[in-house]
Every structure is written in C-alpha cells, then in structure tokens.
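**Student:** First, the structure itself, so that you have it in front of you.
The values are calculated or read from the model by the stated rules, or taken from the named source; none is laboratory data. The shown structure was predicted, so the numbers you read here are calculated from the model rather than taken from an experiment. As a convention, Cβ positions derive from the backbone with ideal geometry for all residues, glycine included, and neighbour counts pool all protein chains shown. Please note that ligands, DNA and RNA were not included when accessible areas were found on the heavy atoms of the full protein model with its side chains. Shrake-Rupley method; radii C 1.70, N 1.55, O 1.52, S 1.80 Å.
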Amino acid sequence: MTVTVDALTDVAGLRVGHATRTGAGWLTGTTVVLAPEGGAVAAVDVRGGGPGTKETDALDPRNLVQKVEAVVLTGGSAYGLDSASGVMAWLEERGRGVRVGPDPAHVVPVVPAACVFDLGRGGDFRARPDAATGRAAVEAAAASGPGAPVEEGCVGAGTGAVAGQFKGGVGTASTVLDSGITVAALVVVNARGSVVDPETGVLYGELFQGRAAYPAAEVHEAARRRLTEAAAKNTAPSLNTTLAVVATDADITRAQAQKLAGTAHDGIARAVRPVHLLNDGDTVFTLATAARPLASKNPLALNELLAAGADLVTRAIVRAVRAAESAEGPDGVWPSYRELYG
C-alpha cells in the first residue's frame, strides 16, 4: 500500500471540505473533517491557555460518547464556533449522530470544534463564519470523492491565518507505517510564534525533518527588510493558535486516541516557537476509523503510531506555510514564505 495524495484523506473514509470567504471585508473560513457514516473514535488534547472549543468534554474517555461524525476547524474566534451548528443540522437531516430516542431520526450529532483568531483581518470585524459556512464546508466534504486531494494554503479555516510575520494556512500530510497502518494530519497554522529561524530564514519544521535548505544570505536579508516594513503596517492582533486533526485507520481505544492527540503536540512545538502560552488556543483532535488492527503483541506498535503523528503534524505545518499566499487587509500585510524565500 502506498500513500496516494499525502493528505488526511489517505485514511480511508475521511473527507475534508473547505468553505472560504474573501473580499468585501471577509478573510476567514471553515474546514470540516467528515468521518465515515457511523463515526470514528475521537479524542482531543488542548494545550493552549486561551482555547475556543466546543464539545471537547464529550471526548473524554470516561464519558458517554464513543464516536463522532465530524470535526470542525474554523476562523472567527469563538463566534466562528457557530459554524458547527450548520454541520450538526446537516448530520441530523441524515440521521447521523448519537441516537437518543426510539425513532432512528432521534439523534444528536456530537460535532467537536475549535477556532482560530482571525477577526478583522479582512477589514470587517463582524465578518466571521456562521452556521451557513459550516454547512457549506460539510457539503463540500461530502461531495468530494474517496481519497480526494485536500486543498492547502489560504483556504477554509486557514483563509485568514497568520504564522508569526508570515501568512499562515492549512497543510496536510500522511504516511503508511511498515505495519500497513495509515497515519495522517491536517493542520491550521495561525500562530504569533515564529515558524522561521530568524538567523537563517529556515523553517523550524524543516530543521527537525533533517532536510533544510538554507536560503542565500542576500535572500534572507531582503526578506527581513520586507518583514520589517510589513510589521510597521500591522495593527490587527495576531493571537496564537495552531489546530490539528491527526487521523489513523488503526483500531485504537479512546484512551490511546487521547495519547495520540497529546504526543502530536510535540509536532507543533518543533515547528512553531513559542507555543502553548496563555493566549494560545493550541488544540489537537484524533480520529481513528478502526479499519486495521493494532499489533497488540508488539509493544512498540502504539509507540510507532504516536511518533508518526507528531512527525506528520510538523510536516503539515511546513506545507501550510509553504502553500500560503501573501495577503493584505486594511489593518495588516502578511507576506508569504514562498514569496520571500521561494
């Protein structure tokens, strides 16, 4: 088995949809990860001191909910969490959720969500995702084919994202372990912390991947001048949040899924500095479709899964930053890494 699109959708059954709003004061959006019908085992680990989340307590392994049908990542700060309502309505119409009554239509879809801060970056503080945005994103996910490529960069929840002084966005990556288990990650990078070594211009995540290409000194110096000019124009706040969904087709317990969400935060720490501070909203979700057994007799099987999750989060952050395009709003200018460094 080989990786087909190097994306979260390499975990069979998962689909990703973006809803993007730009222009006329808008610079925001929503991304939905849609699980296979019947749901996926889910967990979450919140490390940021200022998170904006919904339904994360339901994912505690001690609590009732066993599986979820979708996860929402959204712009709009806490206002944008309303986008999950649109996803819930779409799922309810299809009878997907936790059954709570004798009628098959009596369901409550549990839709965990987390947000990034992008308020006002397009010019209008009140231009933020709502239930209609969430519905558009889940409809886009449902309409995508199995194993469809996932658009990266300034789309969905990454539309208004900023990574330090650079434009942020959405990135994704996947791998297949020797056991045949697939592991993948999708990340929204919206961090005040830096993604770039200030002395060299190398992405921190590429240093940890061991294949960094150092920019020429004159390229780096020109980039620093551009960033200084841009910083002088930026008045919009840049608050720290990196969101991720780490997925696998392994059959793991809810407790193991929660451990995977926790170790995946190491992948953020390798690629963004600083992270997990008081104003951060750093949150990682796990989804497991349970299509392949974990080698229970191999004590290292879970460790391999945990390590891969962290590595893929790092790689997805690098891809998000490299895929992003420069953006400019009334209150800020955010050059892309690609524009400044190639």
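**Student:** Got a sec? Which of A114, A58, A127, A78 is free of Cβ contacts under 8 Å to residues at least 40 places away in the same chain and either in a strand (DSSP E or B) or out of contact with any helix residue (DSSP H, G or I) (no Cβ under 8 Å at 6 or more places or on another chain) (or both)?
**Tutor:** Values: A114 fails: free of Cβ contacts under 8 Å to residues at least 40 places away in the same chain; A58 fails: free of Cβ contacts under 8 Å to residues at least 40 places away in the same chain; A127 fails: free of Cβ contacts under 8 Å to residues at least 40 places away in the same chain.
Residue meeting the stated conditions: A78.
Conditions (1) within 25 Å of R121 (Cβ to Cβ); (2) acidic (D, E); (3) modelled with pLDDT of 95 or more, marked per residue:
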{"site": "R15", "(1), (2), (3)": "no, no, yes"}
{"site": "P36", "(1), (2), (3)": "no, no, yes"}
{"site": "G48", "(1), (2), (3)": "yes, no, no"}
{"site": "L59", "(1), (2), (3)": "no, no, yes"}
{"site": "S77", "(1), (2), (3)": "yes, no, yes"}
{"site": "D82", "(1), (2), (3)": "yes, yes, yes"}
{"site": "R94", "(1), (2), (3)": "no, no, yes"}
{"site": "G97", "(1), (2), (3)": "no, no, yes"}
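**Student:** Okay, moving on. Considering each of A142, A132, A148, A89 in turn, give the residue that is at pLDDT 95 or above, in a loop (DSSP other than H, G, I, E, B), surrounded by fewer than 23 Cβ atoms within 10 Å (Cβ to Cβ) and of a type in the set (A, V, I, L, M).
**Tutor:** A148
**Student:** Could you please let me know if L260 is part of a strand (DSSP E or B) and either buried (at least 20 other Cβ atoms within 10 Å of the Cβ) or hydroxyl-bearing (S, T, Y) (or both)? Outline the logic, then answer.
**Tutor:** Numbers: part of a strand (DSSP E or B): no; either buried (at least 20 other Cβ atoms within 10 Å of the Cβ) or hydroxyl-bearing (S, T, Y) (or both): yes.
Here the answer is no, as L260 does not meet what is asked.
**Student:** Just checking, which of R121, R21, R47 is closer than 30 Å to P330 by Cα, of a type in the set (K, R) and open to solvent by 40 Å² or more (accessible area, probe 1.4 Å)? Give the derivation first.
**Tutor:** On the way: R121 fails: open to solvent by 40 Å² or more (accessible area, probe 1.4 Å); R47 fails: closer than 30 Å to P330 by Cα.
When all the criteria are applied, what remains is R21.
**Student:** Checking the condition assigned to a strand (DSSP E or B), modelled with pLDDT of 95 or more and not hydrophobic (A, V, I, L, M, F, W, C), which residue from T31, T9 passes?
**Tutor:** T31
**Student:** Quick one: in the range 231-257, of everything that is of a type in the set (D, E, K, R) and open to solvent by 50 Å² or more (accessible area, probe 1.4 Å), which residue is nearest to L119 (Cα to Cα)? I'd like the intermediate steps shown before the answer.
**Tutor:** From the range 231-257, those of a type in the set (D, E, K, R) are 233, 249, 251, 254; that's our starting set.
Subset that is open to solvent by 50 Å² or more (accessible area, probe 1.4 Å): 233, 251.
Working: K233: 17, D251: 39 Å.
Among them, the one singled out is K233.
**Student:** Restrict the check to the range 191-209 and report whether at least one residue is in a strand (DSSP E or B), open to solvent by 10 Å² or more (accessible area, probe 1.4 Å) and of a type outside the set (A, V, I, L, M, F, W, C).
**Tutor:** Yes: the range 191-209 contains one or more residues that are in a strand (DSSP E or B), open to solvent by 10 Å² or more (accessible area, probe 1.4 Å) and of a type outside the set (A, V, I, L, M, F, W, C).
**Student:** Kindly list, by first and then second residue, each pair from a residue in the range 289-309 that is closer than 15 Å to D249 by Cα to a residue that is surrounded by 18 or more Cβ atoms within 10 Å (Cβ to Cβ) and of a type in the set (D, E), limited to pairs with Cβ atoms under 8 Å and residues at least 6 apart or on different chains.
**Tutor:** Cβ pairs passing all conditions: T289/D249; A290/D249; A291/D249; R292/D249.
**Student:** Filtering the range 97-111 down to residues that are open to solvent by less than 20 Å² (accessible area, probe 1.4 Å) and in contact (Cβ under 8 Å) with a residue 24 or more places away in the chain, which residue is farthest from G281 (Cα to Cα)?
**Tutor:** If we take residues in the range 97-111 being open to solvent by less than 20 Å² (accessible area, probe 1.4 Å) and in contact (Cβ under 8 Å) with a residue 24 or more places away in the chain, then P109 is farthest from G281 (Cα to Cα).
**Student:** Looking only at residues that are farther than 21 Å from N63 by Cα and in contact with a Lys or Arg (Cβ under 7 Å, 6 or more places away or on another chain) in the range 32-44, which one is most open to solvent (accessible area, probe 1.4 Å)?
**Tutor:** E37
**Student:** Going by the structure shown, is G160 more than 13 Å from A316 (Cβ to Cβ), surrounded by fewer than 24 Cβ atoms within 10 Å (Cβ to Cβ) and small (G, A, S)?
**Tutor:** Taking the combined requirement at face value, the residue does not satisfy it.
**Student:** I've got another one for you. List the pairs whose first member sits in the range 3-26 and is in contact (Cβ under 8 Å) with a residue 12 or more places away in the chain and farther than 22 Å from V87 by Cα, whose second member is outside any strand (DSSP E or B) and hydroxyl-bearing (S, T, Y), and whose Cβ atoms are under 7 Å apart, counting only residues at least 6 apart or on separate chains?
**Tutor:** Once the first residue is in contact (Cβ under 8 Å) with a residue 12 or more places away in the chain and farther than 22 Å from V87 by Cα and sits in the range 3-26, its partners that are outside any strand (DSSP E or B) and hydroxyl-bearing (S, T, Y) give D10/T4.
**Student:** Another one. Please tell me if P215 is open to solvent by 10 Å² or more (accessible area, probe 1.4 Å), of a type outside the set (A, V, I, L, M, F, W, C), touching a residue at least 24 places away in the same chain (Cβ under 8 Å) and within 14 Å of R338 (Cβ to Cβ).
**Tutor:** On the way: open to solvent by 10 Å² or more (accessible area, probe 1.4 Å): yes; of a type outside the set (A, V, I, L, M, F, W, C): yes; touching a residue at least 24 places away in the same chain (Cβ under 8 Å): yes; within 14 Å of R338 (Cβ to Cβ): yes.
Spelling it out, P215 is indeed open to solvent by 10 Å² or more (accessible area, probe 1.4 Å), of a type outside the set (A, V, I, L, M, F, W, C), touching a residue at least 24 places away in the same chain (Cβ under 8 Å) and within 14 Å of R338 (Cβ to Cβ).
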